[in-house]
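Below is one structure, written out as structure tokens, with a few remarks after it.
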Amino acid sequence: MVAACSDDVSSCDEDIRAQVLDERVDLSVGDATFAAELADSDTERARGWRHRLCEREAILLVGDGGPMPIWMCEVPDALDLVFVHEGAVVAVEPAAPPCSPPCDACPRYGEGIDVDAVIEWPAGRFDAAVGDTVRGLP
């Protein structure tokens, strides 16, 4: 099932393949403050926002302090990718474009960068710059 989404979330029908996470964490990056869905298991991180159409403010992918390369396979829209290590932004990939299968052919962002977390939000929603402090990490 593929559904269209508008800014009016009451009219949005989520794709049945999409992951929607109940656990949220309040984060601040630079001047932006928002609630992010928390993806802290291997399965949740791997699924991320694949097929996700509705109510996407931000998702926090929590890792183990090593590299956590991100791909955009089957993510419907461009996302800003914010790589975080020790409470600070260490890299930003603005407007990473969606990629269609085969997923192995999709570019990977953040390879070789040690991170504790990656924050994703719809492209242009918030601003982040290398060196910004990230508050609220679990």
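Entry remark, region 91-107: residues being outside any strand (DSSP E or B) and farther than 15 Å from Arg50 by Cβ number 2 in total. Among the residues of region 66-76, is there at least one that is small (Gly, Ala, Ser) and surrounded by 15 or more Cβ atoms within 10 Å (Cβ to Cβ)? Looking through region 66-76, none of the residues is small (Gly, Ala, Ser) and surrounded by 15 or more Cβ atoms within 10 Å (Cβ to Cβ). Candidates Ala105, Ala95: the one that is surrounded by fewer than 19 Cβ atoms within 10 Å (Cβ to Cβ) and free of Cβ contacts under 8 Å to residues at least 24 places away in the same chain is Ala105.
Which is aromatic (Phe, Trp, Tyr) and either modelled with pLDDT under 95 or touching a helix residue (DSSP H, G or I) at 6+ places or on another chain (Cβ under 7 Å) (or both), of Trp71, Trp121?
After applying the criteria, what remains is Trp71.
For region 118-138, the set of residues classified as part of a loop (DSSP other than H, G, I, E, B) and in contact with a Gly (Cβ under 7 Å, 6 or more places away or on another chain) consists of Asp127, Ala128, Ala129, Asp132, Leu137, listed by residue number. Select from region 20-55 the residues that are out of contact with any strand residue (DSSP E or B) (no Cβ under 6 Å at 6 or more places or on another chain) and of a type in the set (Lys, Arg) and write down the one among them that is farthest from Gly124 (Cα to Cα). Looking at residues that are out of contact with any strand residue (DSSP E or B) (no Cβ under 6 Å at 6 or more places or on another chain) and of a type in the set (Lys, Arg), I get Arg47. Of all the residues in region 99-111, those that are more than 16 Å from Asp80 (Cβ to Cβ) and out of contact with any Pro (no Cβ under 6 Å at 6 or more places or on another chain) number 7.
Kindly evaluate Val82 against the criterion of being within 17 Å of Thr133 (Cα to Cα) and buried (at least 19 other Cβ atoms within 10 Å of the Cβ). When the stated conditions are applied, Val82 passes them.
For region 78-118, filtered to residues that are more than 20 Å from Glu37 (Cα to Cα) and of a type in the set (A, V, I, L, M, F, W, C), the residue that is modelled with the lowest pLDDT is Cys103.
When region 26-38 is filtered for residues that are surrounded by fewer than 17 Cβ atoms within 10 Å (Cβ to Cβ), in a strand (DSSP E or B) and touching a residue at least 40 places away in the same chain (Cβ under 8 Å), the ones remaining, listed by number, are Asp26, Ser28, Ala32. In region 15-37 there is at least one residue matching the filter, namely being touching a Lys or Arg at 6+ places or on another chain (Cβ under 6 Å) and modelled with pLDDT under 90. Picking from residues in region 39-66 that are within 10 Å of the chain's Cα centre (by Cα) and in a strand (DSSP E or B), the one that is farthest from Val89 (Cα to Cα) is Ala39.
The values are calculated or read from the model by the stated rules, or taken from the named source; none is laboratory data. Please read all numbers here as calculations on a predicted model, not as lab measurements. Positions of Cβ are backbone-derived with ideal geometry, glycine not excepted, and every protein chain shown enters the neighbour counts.
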